[in-house]
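Reading through the structure tokens given below for one structure.
The values are calculated or read from the model by the stated rules, or taken from the named source; none is laboratory data. Not measured: the values here are computed from a predicted model. Neighbour counts are summed over all protein chains in view; Cβ atoms, including those assigned to glycine, are modelled from backbone coordinates with ideal geometry.
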Amino acid sequence: MNLQITFVGKRLPINQGPGRATYELARRLSERHSIHIISTSLAAETQQFVKWHPVPLSPLPGALAWMDELIRTTLSVRREGRGIVVSRGLYCLNCDVLYVNGCPYERPLPKHMQAGLRYKYALGRIFFRIQRGLERYICRRLQGRVLALSSGLRDAICRDYGLPDVRVVPNGVNAKEFHIASQSERSRLRTEFGIPDDAFVVSFVGGNWYRKGLDHLLRAMDYLQKSNVYLLIAGPDDQRDLIEAELQAPLVRERVVFAGIVENPSDIYSASDAFAFPTYSEAFGQVAFEAAASGLPVLASPENAMVDLIIPGQTGYFIDYDARDIAEKIQLLAGNPEHAKAIGLNARRRAEQFTWDAAAHQLEEALVEIAEKLGKLV
């Protein structure tokens, strides 16, 4: 039995969530099936075992670019789509399967962060409503052919889009790449980041900081001024200046390290003792699973896949969107390093259950069933 599968995406570099997932899944599925990918960019590593159909990047700005590229990929699917067409996110209007990567939620910017962004912010909110409206329409049209990355996201889709059920096919994590660091590796990386070896380091990895709750995490540092807790932040954000404004106390500023965009996220985890992720909206939360695989206890909001990863008190803790609560959970770990290490080991075992082999197998099963119903089995 052989399938022809066409994945539709957007920018798919290998060092980001969707690009990494496309690489890991396509590599495994290509051993048994013919894989095509339609996207605006694709990592060279992925191109080795798929047929790539590039779509030109839109010259338009912001939300207009997304709509322009949506039309371009839809037309490309009509010309180049082979077999069963799987859109990993809302990137075409004529797919056979919608693999929902997003989450139907938006955290509005506060007024002080909207300054100078009046028109951009207003357009962004209009774009959000258009995007969710289209996603709702396609989900309802494709009932029985919608996939979600986590049980939490499945529940949100069923609730907000009015679907009776959605199949869960999660991502995986590479437990060899993300490992428990040796003491020498940890010390070397801390020296590179300018962090004392005896500090308790909490890390955060990701972009779009406000949507992922980094402001709460920064304010939590105000409650930890008398501790030896450091916060290590990696990732890009065009609102960095506004987020950094949350750092008022000098004692806090000197214990917050902005690492920027890092080539190897594993270095961030290897330099850390815990991982914090107070996100408002996350389809899967790849970074949290990578941190867990690196042996870190995970502190995260109870969003989507976090409920699949965190067993309170065993692999981490759920946190509120509240600086004091986050600080208390951090202090609980920082005040008992052995307890933190034990939780980190449990988190590692939990993350090991989410392998890319298992993810590819679950996706293959789902696509075979759908292809059989559509008469697209070869």
Among the residues of region 181-218, how many are within 23 Å of the chain's Cα centre (by Cα) and either more than 17 Å from L231 (Cβ to Cβ) or not aliphatic (A, V, I, L, M) (or both)? 13
Just for region 230-249: of the residues that are part of a loop (DSSP other than H, G, I, E, B) and closer than 19 Å to V287 by Cα, which one is modelled with the lowest pLDDT? D237
Residues located in region 321-335, provided they are of a type in the set (D, E) and surrounded by 14 or more Cβ atoms within 10 Å (Cβ to Cβ): D325, E328
Out of all the residues in region 314-323, which are at pLDDT 95 or above, of a type outside the set (S, T, Y) and more than 25 Å from D197 (Cβ to Cβ)? Q314, F318, I319
L147 within 27 Å of T74 (Cα to Cα), in a loop (DSSP other than H, G, I, E, B) and in contact (Cβ under 8 Å) with a residue 24 or more places away in the chain: no
Of all helices (runs of 4 or more DSSP H) completely enclosed by region 314-378, which ones contain at least 3 residues that are among the acidic types (D, E)? 356-374
Among the residues of region 308-317, is any touching a residue at least 40 places away in the same chain (Cβ under 8 Å) and out of contact with any Pro (no Cβ under 9 Å at 6 or more places or on another chain)? yes
Being over 30 Å from Q143 (Cβ atoms) and among the charged types (D, E, K, R) is the filter here, so list the residues in region 332-378 that pass it. E338, K341, R348, R349, R350, E352
Out of (1) crowded, with 16+ Cβ neighbours inside 10 Å; (2) in a helix (DSSP H, G or I), the odd one out for E192 is which? (1)
Being crowded, with 16+ Cβ neighbours inside 10 Å, modelled with pLDDT under 95, out of contact with any Phe, Trp or Tyr (no Cβ under 9 Å at 6 or more places or on another chain) and of a type outside the set (S, T, Y) is true for just one of R167, R159, R211. Which residue is that? R167
When every residue in region 250-287 that is assigned to a loop (DSSP other than H, G, I, E, B) and polar (S, T, N, Q) is compared, the one farthest from the chain's Cα centre (by Cα) is S272
Scan region 195-230 residue by residue and report those that are within 15 Å of D273 (Cβ to Cβ) and in contact with a Gly (Cβ under 7 Å, 6 or more places away or on another chain). V205
Could you figure out which of (1) touching a helix residue (DSSP H, G or I) at 6+ places or on another chain (Cβ under 6 Å); (2) in the same structural domain as I84 (by TED's automatic domain parsing) isn't true of L224? (2)
What pairs come up if the first residue lies in region 241-262 and is under 12 Å from L214 (Cα atoms) and in the same structural domain as L189 (by TED's automatic domain parsing), the second is charged (D, E, K, R) and modelled with pLDDT under 70, and their beta carbons are under 7 Å apart, counting only those six or more places apart or on different chains? I243/D237
Residue count for region 79-90, restricted to those that are part of a loop (DSSP other than H, G, I, E, B) and either under 17 Å from the mean Cα position of the chain (by Cα) or under 15 Å from L153 (Cβ atoms) (or both): 2
So which residues in region 217-228 are crowded, with 23+ Cβ neighbours inside 10 Å and closer than 20 Å to D198 by Cα? M221, L224
